[in-house]
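Engineer: Quick one: structure below, then a few questions.
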Amino acid sequence: MCGIVGYVGPQNARDVVLEGLRRLEYRGYDSAGVAVLTGEGMATAKRAGKLANLEKVLAEQPLPEATIGIGHTRWATHGGPTDRNAHPHLSADGSVAVIHNGIIENFAALRGECEAAGVEFASETDTEVVAHLLAAEYTRTPEGPGRLAEAMRAVSRRLEGAFTLVASHVAEPDTLVASRRNSPLVVGVGDGEYFLGSDVAAFIAHTREARELGQDQVVEIDRQRGLTVTDFAGTPVEPKAFTVDWDAEAAEKGGHDWFMLKEIAEQPQAIADTLLGRLGDDGELVLDEVRLSDQELRDIDKIFVVSCGTSFHAGLIAKYAIEHWTRIPVEVEVASEFRYRDPVLDRSTLVVVISQSGETMDTLMALRHAKDQKARVLAICNVNGSTIPRESDAVLYTHAGPEIAVASTKSFLAQIVACYLVGLFLAQVRGVKYVDEVAAIVDELRQLPDAVARVLTQMEPVRELGRSLADAGTILFLGRHVGFPVALEGALKLKELAYIHAEGFAAGELKHGPIAVIDEGTPVVVVVPSPRGRSVLHSKVVSNIQEVRARGARTIVIAEEGDEAVVPYADHLIRVPRTSTLLTPVVTTVPLQILACEIADTRGFDVDQPRNLAKSVTVE
Ligand code: M6R
């Protein structure tokens, strides 16, 4: 959602904060703003639009040198993406500057209270209320060390909703305070300097030593007193230390035009790293980090997979694999719907939550609901130390590395692979698959990085095709079995990047209505299952290709090498290496990512930061 940066230390705060914002811009790009605190007072600059707009202003009117600074990049919720609504927000007397990620749900009542006291608001945001409350609370708080933190605790106790807040006060030129509930915040610890960030990317260029903050905690960083963390009541808390396991280079484009292209290219590595250390030599899976006992795993009688967007599509693929391998019923649901329909959950239900960021609010709320109902929760997550794995009973990290482009690519493939691992591990522990059967599939998993690398070497025709589709009005995606979620993912990628209407369908469902939209020349992408193994499925899809072609569709067929049956019906044929049916999404997704990226690029759009979106959605 929004990106938050804070800095206290000897470097010029303005530069450190701006650099942090550059790395966090993928979290939101409706506006950007910075405030620095000097002995002379507070200086701020903010602008609607991308960070580049703010940088232009700062190039003409630089902020003064300072050792304390905060910065914000916004994904708008309350109030449009204007200069006025850009953060930081100041209190009416100018003493306090605040930046915020999240939504203050009771802001209307609090705003009414401030207005009744004579405060005039300068913006339409929910955030501004915090600046006024904090300024008022500060005057009521006894003087002495920790005064701003004490005021922040008092204000935080009154807030409802989700928030990460960072604030500074003109009377405390050496101090920043921050507070968090349901929204991410990490602290970077350097040599005589401290950083605050929505995620570690904000400070990775300076330090890899970090501290995790828990729910409902306030942190004070002070040039003299250092780092102090308490809960909202003021009880000291020891924050959990961790070392970031990637470096600044991992968050650079590395010669690619777009982060998305770099991340697509990194997919073989992301898969290999996600498998690393988890496949034993004897073919057994070793998932020590799944902190559920064998007995707990044996007691599971139902699985829910809950997630959003691309992660939801990974969940749909998981269903096919987990049910097939374990014979445990699996339901897959979008997180935003899950808790509102009162799902039947108990101690023997396993809820698998999938999230790249580990911060998606819909998924977090679903997780909490599942835990309230006594279900066991296993998180599949890419960001170490984020909220979702922290609150889950067990976690299986995907090791895809930092994903900066808003559209998920490498994290998706890593999630699918992690889901396979969960399914096979359950089958192994429950004894429903023989060791050699698990070993055979494990062996195939080991081949996946090479298979994806091979797909990547054959993408020039796909790029060419993408350029020819740039003016398409609508594109349909069809698939059956595990090809169906791949079709959904292909359509999502196209919509979010190229702003072209696209829909994914179960290929067999088309004839029940949607086939009516097919017209002369409508591009239809068909994900074809392997002709080996489940050949009935294959022949049905070949029939579906013929059906759409008979109605004028321009068919774009993704089929495995050696599948000759599709050749007569394919206007464009994209080949992928042979893999067993359940594993095919790992290879068939790749051309669809490239296609969407190329179409968006040809249409002149920002591939990494599509309009209206943010990388991590921390509101419900
Ligand atoms: O961080 P998460 O995996 O929880 O995010 C879920 C979705 O918001 C995310 O997958 C979104 O759909 C992507 N932009 C798709 O490319």
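The values are calculated or read from the model by the stated rules, or taken from the named source; none is laboratory data. None of these values were measured; they are calculated from a predicted model. Don't worry about glycine lacking a Cβ; one is built from the backbone with ideal geometry, like all the others, and counts go over all protein chains shown. Only protein heavy atoms, including side chains, enter the accessible area calculation; ligands, DNA and RNA are left aside. Shrake-Rupley method; radii C 1.70, N 1.55, O 1.52, S 1.80 Å.
Engineer: Are any of the residues in segment 212-226 within 16 Å of the ligand (Cβ to nearest atom), at pLDDT 95 or above, open to solvent by less than 10 Å² (accessible area, probe 1.4 Å) and among the acidic types (D, E)? Before the answer, list the steps.
Structural biologist: Of all residues in segment 212-226, those within 16 Å of the ligand (Cβ to nearest atom) come to none.
No, every residue in segment 212-226 fails to be within 16 Å of the ligand (Cβ to nearest atom), at pLDDT 95 or above, open to solvent by less than 10 Å² (accessible area, probe 1.4 Å) and among the acidic types (D, E).
Engineer: How many residues, within segment 397-416, are crowded, with 24+ Cβ neighbours inside 10 Å and either over 25 Å from E598 (Cβ atoms) or touching a Gly at 6+ places or on another chain (Cβ under 6 Å) (or both)?
Structural biologist: So the count comes out to 1.
Engineer: Specify the residue that is surrounded by the most Cβ atoms within 10 Å (Cβ to Cβ); the eligible residues are those in segment 474-501 that are within 16 Å of the ligand (Cβ to nearest atom) and charged (D, E, K, R).
Structural biologist: Residues of segment 474-501 that are within 16 Å of the ligand (Cβ to nearest atom), as a first pass: 477, 485-500.
If we keep only those that are charged (D, E, K, R) too, we end up with 489, 493, 495-496.
On the way: E489: 31, K493: 28, K495: 17, E496: 20.
Top of the filtered list is E489.
Engineer: Whether any residue in segment 304-313 is open to solvent by 10 Å² or more (accessible area, probe 1.4 Å), within 26 Å of Y434 (Cβ to Cβ) and hydroxyl-bearing (S, T, Y) is what I want to check.
Structural biologist: No, segment 304-313 contains no residue that is open to solvent by 10 Å² or more (accessible area, probe 1.4 Å), within 26 Å of Y434 (Cβ to Cβ) and hydroxyl-bearing (S, T, Y).
Engineer: Can you pull out the residues in segment 14-40 that are over 21 Å from T127 (Cα atoms) and over 28 Å from the mean Cα position of the chain (by Cα)?
Structural biologist: T38, G39, E40
Engineer: Could you check segment 28-37 and list, in sequence order, the residues that are out of contact with any helix residue (DSSP H, G or I) (no Cβ under 9 Å at 6 or more places or on another chain) and either free of Cβ contacts under 8 Å to residues at least 40 places away in the same chain or not acidic (D, E) (or both)?
Structural biologist: Hit for segment 28-37 is G28, nothing else.
Engineer: Please count how many residues of segment 308-347 are of a type in the set (A, V, I, L, M, F, W, C), within 16 Å of the ligand (Cβ to nearest atom) and in a helix (DSSP H, G or I). Quick ask: steps written out before the conclusion?
Structural biologist: Pass one, segment 308-347, residues of a type in the set (A, V, I, L, M, F, W, C): 308, 312, 314, 316-318, 321-322, 325, 328, 330, 332, 334-335, 338, 344-345.
Keeping just the survivors that are within 16 Å of the ligand (Cβ to nearest atom) gives 308, 312, 314, 316-318, 332, 334-335, 338.
Right, trim to in a helix (DSSP H, G or I) and you get 312, 314, 316-318, 335, 338.
The number of residues fulfilling the criteria is 7.
Engineer: Here's a check for you: in segment 524-552, which residue that is in contact with a Ser or Thr (Cβ under 7 Å, 6 or more places away or on another chain) and open to solvent by less than 10 Å² (accessible area, probe 1.4 Å) is nearest to G473 (Cα to Cα)?
Structural biologist: Once the filter is applied, the top-ranked residue is V524.
Engineer: With the structure loaded, tell me whether Q295 is more than 14 Å from the ligand (Cβ to nearest atom), open to solvent by 30 Å² or more (accessible area, probe 1.4 Å), within 18 Å of V429 (Cα to Cα) and not hydroxyl-bearing (S, T, Y) or whether it fails that test.
Structural biologist: On the way: more than 14 Å from the ligand (Cβ to nearest atom): yes; open to solvent by 30 Å² or more (accessible area, probe 1.4 Å): yes; within 18 Å of V429 (Cα to Cα): yes; not hydroxyl-bearing (S, T, Y): yes.
Spelling it out, Q295 is indeed more than 14 Å from the ligand (Cβ to nearest atom), open to solvent by 30 Å² or more (accessible area, probe 1.4 Å), within 18 Å of V429 (Cα to Cα) and not hydroxyl-bearing (S, T, Y).
Engineer: Mind counting the residues in segment 348-395 that are among the charged types (D, E, K, R), crowded, with 20+ Cβ neighbours inside 10 Å and not in a loop (DSSP other than H, G, I, E, B)?
Structural biologist: Applying the first criterion (among the charged types (D, E, K, R)) to segment 348-395 yields 359, 362, 368, 371-372, 374, 376, 390-391, 393.
Going one step further and asking which of them are crowded, with 20+ Cβ neighbours inside 10 Å, we end up with 359, 362, 376.
Applying the additional criterion that residues be not in a loop (DSSP other than H, G, I, E, B) yields 362, 376.
Here the count works out to 2.
Engineer: From the list A117, A86, which residue is out of contact with any Phe, Trp or Tyr (no Cβ under 7 Å at 6 or more places or on another chain) and in contact (Cβ under 8 Å) with a residue 24 or more places away in the chain? Quick ask: steps written out before the conclusion?
Structural biologist: Details: A117 fails: in contact (Cβ under 8 Å) with a residue 24 or more places away in the chain.
Matching residue, one of A117, A86: A86.
Engineer: Just one of G521, G508, G504 is crowded, with 19+ Cβ neighbours inside 10 Å and without any contact (Cβ under 8 Å) to a residue 40 or more places away in the chain; which is it? Steps first, answer last, please.
Structural biologist: Values: G521 fails: crowded, with 19+ Cβ neighbours inside 10 Å; G508 fails: crowded, with 19+ Cβ neighbours inside 10 Å.
When all the criteria are applied, what remains is G504.
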